[in-house]
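Undergrad: Okay, handing you the structure first.
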Amino acid sequence: MMDQPSAVLFACTANSIRSPMAESILKMLHGQRIYVDSVGVRGREIDGFAVAVMEEVGIDISAHVCKTFDQLEDSYFDLVISLSPEAQHRAVDMTRVMACEVEFWNTFDPSVVEGTREARLEAFRQVRDELMARIKERFPLRSMGDI
């Protein structure tokens with residue numbers, strides 16, 4: 001099993017859907033064992049559909065404050081996971097002078113889906129579930145015997 005990083009940054013285009021979902025999922029799974037934050041290339045308000053689908057799994061992201069790379073207060077991360085091509089370029093640029101891993105998890109942007117409310121919610125659920133599965137795989141929970 002690979003060692004867990006102590007600080008993880010999730011990055012996407014607007015810090016309003018994918019990266020806040022990922023941040024909140026990792027926090028739910030690992031609590032304070034891993035410091036987690038999220039940013040976007042641009043800032044936008046948290047998306048209401050993201051809030052709704054995270055609430056379905058018991059995670060409240062309604063108070064999330066979107067921020068950009070330029071607004072990061074702490075730049076010490078062991079791992080940056082970018083969720084969009086635009087964020088990947090910014091993450092690589094930011095980490096050129098840091099001892100930090102960068103992983104690219106190209107994740108669908110559900111905000112581009114049009115149609116009924118239910119069709120849009122389903123797109124957001126798919127992203128949530130994909131992020132949940134990837135995070136559980138990348139950051140496995142250790143049993144008490146492993147601690």
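The values are calculated or read from the model by the stated rules, or taken from the named source; none is laboratory data. This one's a predicted model, so the numbers in the text were calculated from it and none came from an experiment. Note that we place each Cβ from the backbone using ideal geometry, even for glycine, and neighbour counts take in every protein chain shown. For the accessible areas, the whole protein counts, side chains as well, though only heavy atoms, and no ligand, DNA or RNA atoms are used. Shrake-Rupley method; radii C 1.70, N 1.55, O 1.52, S 1.80 Å.
Undergrad: Report the residue count in the stretch 94-146 for those that are open to solvent by 40 Å² or more (accessible area, probe 1.4 Å), more than 18 Å from Tyr35 (Cβ to Cβ), out of contact with any Lys or Arg (no Cβ under 9 Å at 6 or more places or on another chain) and not charged (D, E, K, R).
TA: Total meeting the criteria: 12.
Undergrad: Determine, yes or no, whether Val51 is among the hydrophobic types (A, V, I, L, M, F, W, C), closer than 21 Å to Ala123 by Cβ and open to solvent by 50 Å² or more (accessible area, probe 1.4 Å). If you could, list the steps in order and put the result at the bottom.
TA: On the way: among the hydrophobic types (A, V, I, L, M, F, W, C): yes; closer than 21 Å to Ala123 by Cβ: yes; open to solvent by 50 Å² or more (accessible area, probe 1.4 Å): no.
No: the conditions fail for Val51.
Undergrad: A further question follows. Quick one: Val65 ticks every box in (1) modelled with pLDDT of 95 or more; (2) open to solvent by 60 Å² or more (accessible area, probe 1.4 Å) except a single one, so which number is it?
TA: The one condition Val65 does not meet is (1).
Undergrad: State whether one or more residues within the stretch 23-34 are part of a loop (DSSP other than H, G, I, E, B), open to solvent by less than 40 Å² (accessible area, probe 1.4 Å) and among the charged types (D, E, K, R). Outline the logic, then answer.
TA: First pass over the stretch 23-34, keeping only residues part of a loop (DSSP other than H, G, I, E, B): 31-34.
After this cut, where a residue has to be open to solvent by less than 40 Å² (accessible area, probe 1.4 Å) as well, the list is 31, 34.
Subset that is among the charged types (D, E, K, R): none.
Scanning the stretch 23-34, I find no residue that is part of a loop (DSSP other than H, G, I, E, B), open to solvent by less than 40 Å² (accessible area, probe 1.4 Å) and among the charged types (D, E, K, R), so the answer is no.
Results for (1) of a type in the set (Asp, Glu); (2) at pLDDT 95 or above; (3) not in a helix (DSSP H, G or I), shown as yes or no for each residue.
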| site | (1), (2), (3) |
| --- | --- |
| Leu9 | no, yes, yes |
| Ser16 | no, yes, yes |
| Gly43 | no, no, yes |
| Val51 | no, yes, no |
| Met54 | no, yes, no |
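Undergrad: Using beta carbons and a limit of 6 Å, which pairs, at least six apart or on different chains, have the first residue in the stretch 46-57 and within 12 Å of Ser111 (Cβ to Cβ) and of a type outside the set (A, V, I, L, M) and the second one open to solvent by 30 Å² or more (accessible area, probe 1.4 Å) and modelled with pLDDT of 95 or more?
TA: Filtered contacts from the stretch 46-57: Phe49/Arg120.
Undergrad: Another question, then. Is there a residue in the stretch 62-76 that is out of contact with any helix residue (DSSP H, G or I) (no Cβ under 8 Å at 6 or more places or on another chain), within 25 Å of Gly115 (Cβ to Cβ) and part of a helix (DSSP H, G or I)? Can you show your working first?
TA: Going residue by residue through the stretch 62-76, those that are out of contact with any helix residue (DSSP H, G or I) (no Cβ under 8 Å at 6 or more places or on another chain) are 63, 65, 67-68, 70-74, 76.
If we keep only those that are within 25 Å of Gly115 (Cβ to Cβ) as well, we get none.
Taking every residue of the stretch 62-76 in turn, none turns out to be out of contact with any helix residue (DSSP H, G or I) (no Cβ under 8 Å at 6 or more places or on another chain), within 25 Å of Gly115 (Cβ to Cβ) and part of a helix (DSSP H, G or I).
Undergrad: For Ser82, all conditions in the list (1) open to solvent by 20 Å² or more (accessible area, probe 1.4 Å); (2) of a type in the set (Ser, Thr, Tyr); (3) modelled with pLDDT of 95 or more hold save one; what is the number of the exception?
TA: Of (1) open to solvent by 20 Å² or more (accessible area, probe 1.4 Å); (2) of a type in the set (Ser, Thr, Tyr); (3) modelled with pLDDT of 95 or more, only one is false for Ser82: (1).
Undergrad: Which condition does Ser62 not pass, out of (1) closer than 19 Å to Glu45 by Cα; (2) in contact (Cβ under 8 Å) with a residue 40 or more places away in the chain; (3) among the hydroxyl-bearing types (Ser, Thr, Tyr), if it passes all the others?
TA: Of everything listed in (1) closer than 19 Å to Glu45 by Cα; (2) in contact (Cβ under 8 Å) with a residue 40 or more places away in the chain; (3) among the hydroxyl-bearing types (Ser, Thr, Tyr), Ser62 misses just condition (2).
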